Structure formats: structure tokens, C-alpha cells
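**Q** Mind having a look at this structure? Questions to follow.
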């Protein structure tokens, strides 16, 4: 029984590695509120569908959690029957409009999908680069982390949209500085 479980996991891992090695770049067909370019959900799904199928992998994403703490659940299945389950919270500010729920769900769906499949999600990286370039033009330098002295990265709060400096070693270090500090 244990040998069979190991075989299923090994086949699953092999299929995922093959998918990742063959997956090319994905068209960044949408623009975010900060001007960053990213791949929309339909583009991501279409760009990966054929290769996932080729390697016997399927993806199911559905809502989970509770009304007060919603989540997205992703099941990554292999044709041999092995299933991996992933879950991530959907962060919503209080008193949010229903339309904003859809935006948060779509954002987290893209984030979960690209993270689990190990394909580049350009959104955060592009935003960091764009914000840093803008800051450089305004004569700002990247500060050092007050906790570990590594360089900081300019980040944007998903909840408030405000910019701040976060440690480049995150999640190992959670040092932060205000953007103007």
C-alpha cells in the first residue's frame, strides 16, 4: 500500500515538473490600477490548459471557508488519482460591495493558480519594479531592513493600496518601513 502511494506521488510530481519545464511565457494582457501588467484569468487558463491536459493534470477551484472568512480551494489532480489540495484566504475589507468580492476572488484565483503550478505571476514583481523605478526618479534609495539589513522592496498593501517598504527576505524576515520614512 505504501509503495503504491509513493508511486502515485512520484508520478504526480513528475507530471508537474514536466508541465513546469514546458510552460512558456504567458501574455500579460491586462493592466492593474497601479499600471502593472498581468495575465488575466482567461489568458492564464487558456495558456496552461493544453499542457496540463498533456501531462494528465486537471485543476478545480471553488469557494471555501465561511461567510465571515472566505477562502478559495484549489484541487490539483493527476490522472493516476493523486490529488493535492490548497486553500488560501480571500481578504476583504469590511463593508465591501459585492462587485469587489468578484475582483478579490479573481485576483486570488490567479495568485493561487500561478503559485501552485509554479508559473510566474508577473503582477507583484512588475509592481515592485515600476514603483521602485518611479521612486528612483524621485531620488529615493532602497533602504536597508531594520531587522536584518537586507535591501527593502517597495510593496503595495492589498487592503489599503498604500505603499510601504518590506524586507526582500520576506517571509524569513518581516521588517517593514513606511514609504516616506
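Where a number appears in this text, it was derived from the coordinates with a stated rule and is not lab data. Bear in mind the structure is a predicted one, so any value in this text is a computation, not a measurement. Methodologically, a virtual Cβ is constructed for each residue, glycine included, from the backbone with ideal geometry; neighbour enumeration extends over all protein chains shown.
**Q** If a paramagnetic tag sat 7 Å from the Cα of residue 96 along the Cα-Cβ line, which residues of the stretch 55-69 would have the backbone N under 11 Å from that point?
**A** Taking a point 7 Å out along Cα→Cβ of residue 96, the residues of the stretch 55-69 whose backbone N falls under 11 Å are 69.
**Q** If each residue of separation counts as 0.36 nm, what is the full-extension length gain between residue 150 and residue 71 once their alpha-carbon separation is subtracted?
**A** Stretched fully, the residue 150-residue 71 segment lengthens by 25.2 nm.
**Q** To continue, here is another question. When you count, for each residue, the other Cβ atoms within 10 Å and take the mean per peptide, how do 108-118, 153-163 rank with the highest first? Mind showing how you got there, number by number?
**A** Numbers: 108-118: 17.9, 153-163: 14.5.
Highest-to-lowest ranking by the protection proxy: 108-118, 153-163.
**Q** What is the log10 of I(q)/I(0) for the stretch 1-64, computed with the Debye formula using one identical point scatterer on each Cα and no solvent, at q = 0.12, 0.15, 0.24, 0.30 Å⁻¹?
**A** Summing over Cα pairs of the stretch 1-64 leads to -0.45, -0.64, -1.03, -1.17.
**Q** State whether the stretch 2-123 is rounded, prolate or oblate according to the following rule on the C-alpha gyration tensor (a ≥ b ≥ c being the square roots of its eigenvalues): a/c under 1.5 gives rounded; otherwise a/b larger than b/c gives prolate, and the remaining case gives oblate.
**A** Because a/c hits 1.5 or more and a/b fails to exceed b/c, the stretch 2-123 counts as oblate.
**Q** Something else about it: In whole Å, what is the distance between the alpha-carbon centres of the stretch 1-48 and the stretch 68-106?
**A** Value for the Cα centre distance between the two parts: 17 Å.
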